[in-house]
Amino acid sequence: MENVNLIRKIAWSFHKTTGLDYEDLFQEAYLAYVDALKHYNPAKSAITTYMWHCITSRLTNYIKQEDKHRKHLLPLEFAETKSTSINSFFESLTEDAAALAESALKINVNVVPLTHKNADKVIKKELINKGWNMGRIMRAITDIKSRLAYV
């Protein structure tokens, strides 16, 4: 297969931005590649352009389905979760991710309306005031997201 590096690169890009398992993303990307080969028309575009479009579209849909599945299961999982598993979740975080989570939990909901945008701004502002840079903040957020994917 001549475009395996393209498939790997796209799957790795999605893995780095979503925290989902690379192997699962690679398998989905490979299936998209095989499906796309059936419909490829060389007169319309280069094969890599067409494959990139087909694979990213498939992976985007895969991520949406995973998110729906996780959101559907989260209330059930949290209802069954005991404090020990919550503690083990926080213990599994990196030091920076734990500090970010702690900042998020300390937001005064009476002062700041808790929309995603507001919470994000408040947490980032607080951490920047503590001397964090955006790279450090984003790494901590990515760590939390990747751990939540398996809660």
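Structure values in brief
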{"item": "Residue order, fewest to most surrounding Cβ atoms within 10 angstrom, among Y30, Y40, Y62", "result": "Y40, Y30, Y62"}
{"item": "Least to most buried among E28, E95, E126 (fewest other Cβ within 10 Å first)", "result": "E95, E126, E28"}
{"item": "Lys pairs, the stretch 4-77 - Cα-Cα below 22 angstrom, 8 or more residues apart or on other chains", "result": "5"}
{"item": "Rough spin-label spacing in nm, given labels placed 7 Å along Cα→Cβ, for N5 and E126", "result": "4.6 nm"}
{"item": "Sorted by Cβ density within 10 Å, fewest first, the residues S103, S57", "result": "S57, S103"}
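Quick note: the coordinates plus some simple rules give every number you see, no bench work behind them. Since the model is a prediction, treat every value here as computed from it, not as a measurement. When we count neighbours, we look across all protein chains shown, and the Cβ atoms used for this are built from the backbone with ideal geometry, even at glycine.
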